[in-house]
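Asker: Quick one: structure below, then a few questions.
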Amino acid sequence: MIGKRFYHLCCIALGLGLVVASCKPPPPVHSTNGLTALRTFGDSATTPRRPRLREGVDTNDALAYYQAVMPLVKNGFELSTAEAALYWASRLDPSWADPVYARSLLLLRAVRNDVLATFFQTRSERAARSVALTERQMQLMDSLRRAAWARNPFVFTGLDFPSFVPRRRAPPEEAGLYAFENRQFATADSLFAVALRKHPGEVGLRIYRAQALFFLARYDSAVTELEIGRDSLHAVVQQHTAQILPSTDMFEYAIGIARVQQGDFRAARAAYERALTENLAFYWIHARLGGAALALGDTATALSELQTAVEISGRDPVMHLFYGVVLHSARRLPEAEEQLRLAVELDSDYAEPYYRLGAVYQAEGKIQQAIAQYHTFLARAPKRDQDRAAVASALVALGEAPPDSR
């Protein structure tokens, strides 16, 4: 079996935590950047206050909020500020996986801070080991992680192991993990290959190697690793019933994403269909399947799959946006308008639906409504948004004075 140290690191990366049995453990010491700092974390009734960014930073840009707090997430500082910024990054761009994934790490940083605070104040290893996430916190962390993977199964933040340094003469799996976290993907691939020759059944290693290969644009090799990992999954689950592992549908979903990167939409479509046989309720797969069908010229299937995605997701503005855009392309304008208005209602800070709704209004001849939506888009979109130029041109075509489209 693979080394316990690597398994422990993988548990942390996957958000598994450690369960420690203890009879009446002493109460933990909560640090100022511990779990109490995140007491409203995940509370849907509480909206974090929008953090202030430094002067000159584009406050419409999700990337600005994300980058501003990456040092905080990495080091476990000012976690409530980090949570607020990541929440708003997701509001500004709910299709983006990175801030969702980073939010899932905050609870790990908080519990680590409480473990350290408890140990240094009590000098009791037993007391420190009693600090743990609650079942609800574990579920919330798992939910965020899965939500990020749904948006992008190859999401990479470089934040999973912020203080990990391999030992001298470390085994290849540890050295490979360090290389991977530092974006040295070619080195990581080589080291993971060595480790997998010794431990061919380790699904976690397969996943890391597949990710490294994906980032190297070696998509066929990435798919091969994912297929081996998928096929190894059943045996691993039988041997380690307590271990939380990715599901088969997630492997197939990732294979589909890799095939899209190759431009092989038929293979992508087949992978998404296999994923749906494992989990018919995974609405992002329906959306991706719709995208693959559209690329193959099958508009009817694309619309059907996107309708299913909308029905399952209920309140995901990204699904309503996708569906509305395809309905527009199919000239089903009233239905497109309905979907895009819902996207705006569900997340009024998300800029793109305003642009797409304006385009539908323009196609319907509702000129004043189109102008209003275009102006709202320009007011909310990041300065670097490439659609700003198209919207500015549309406004000029509608008789408006040239807006500042920078």
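Asker: Of the residues Glu181, Glu78, Glu135, which exhibits the maximal mean-square fluctuation in a Gaussian network model of the chain defined by a 10 Å Cα contact cut-off?
Answerer: Glu135
Asker: Of the options Phe322, Leu177, Leu294, report the single residue whose Cα projects farthest towards the positive end of the charge dipole of the chain (beta-carbon charges: Lys, Arg +1; Asp, Glu -1).
Answerer: Of Phe322, Leu177, Leu294, it is Leu177.
Asker: What whole-number distance in Å separates the alpha-carbon centres of the range 358-406 and the range 136-195?
Answerer: 42
Asker: Another question, if that's okay. Which net charge results for the neighbourhood of Val131, defined as the other residues with beta-carbon distances under 10 angstrom from its beta-carbon, given Lys and Arg at +1 and Asp and Glu at -1?
Answerer: +1
Asker: For Lys74, list the aspartates and glutamates whose Cα falls under 13 Å from its own Cα; do not include residues on the same chain fewer than 8 positions away.
Answerer: Glu83, Asp160, Glu181
Asker: Let me ask you something else. Determine which aspartates and glutamates satisfy two conditions relative to Lys383: a Cα distance under 18 Å, and not lying fewer than 8 residues away in the same chain.
Answerer: Glu55, Asp58, Asp61, Asp93, Asp349, Glu352, Asp404
Asker: Compare Glu278, Glu125, Glu345 in a GNM of the chain, Cα atoms joined below 10 Å, and give the one with the largest fluctuation.
Answerer: Maximum among the listed residues: Glu125.
Asker: Add -39500 (n - 2.57) for each DSSP H run of 4 or more in the chain, then divide by its residues: what number comes out at 222 nm, to the nearest 500 deg cm²/dmol?
Answerer: -21000 deg cm²/dmol, from helical runs alone.
Asker: Looking at the chain as a GNM with Cα springs under 10 Å, which of Leu79, Leu294, Leu306 has the largest mean-square fluctuation?
Answerer: Comparing Leu79, Leu294, Leu306 in the GNM, the peak value goes to Leu294.
Asker: Going by the alpha-carbon gyration tensor, a ≥ b ≥ c the square roots of its eigenvalues, is the range 317-406 rounded (a/c under 1.5) or, if a/c is not under 1.5, prolate (a/b greater than b/c) versus oblate?
Answerer: oblate
Asker: Round to the nearest 10 and give me the degree value, 0 to 90, for the angle of helix 203-215's Cα axis relative to the longest principal axis of the chain.
Answerer: Once rounded, one gets 40 degrees.
Asker: Could the peptides 387-393, 347-353 be put in order, highest first, of the mean number of other beta-carbon atoms found within 10 Å of their residues?
Answerer: 347-353, 387-393
Asker: Taking square-rooted eigenvalues a ≥ b ≥ c of the alpha carbon gyration tensor, is the range 57-121 rounded, prolate or oblate, where a/c under 1.5 means rounded and, failing that, a/b exceeding b/c means prolate?
Answerer: Prolate, since a/c reaches 1.5 and a/b exceeds b/c.
Asker: Further question on the same structure: Considering the chain, what Rg and Dmax in Å follow from its alpha-carbon atoms?
Answerer: Rg and Dmax of the chain, Cα atoms, are 23.2, 75 Å.
Each reported figure results from applying straightforward, stated rules to the coordinates on display, with no laboratory input. Predicted model, so just to flag it, every value in this text is computed and none were measured. Note that we place each Cβ from the backbone using ideal geometry, even for glycine, and neighbour counts take in every protein chain shown.
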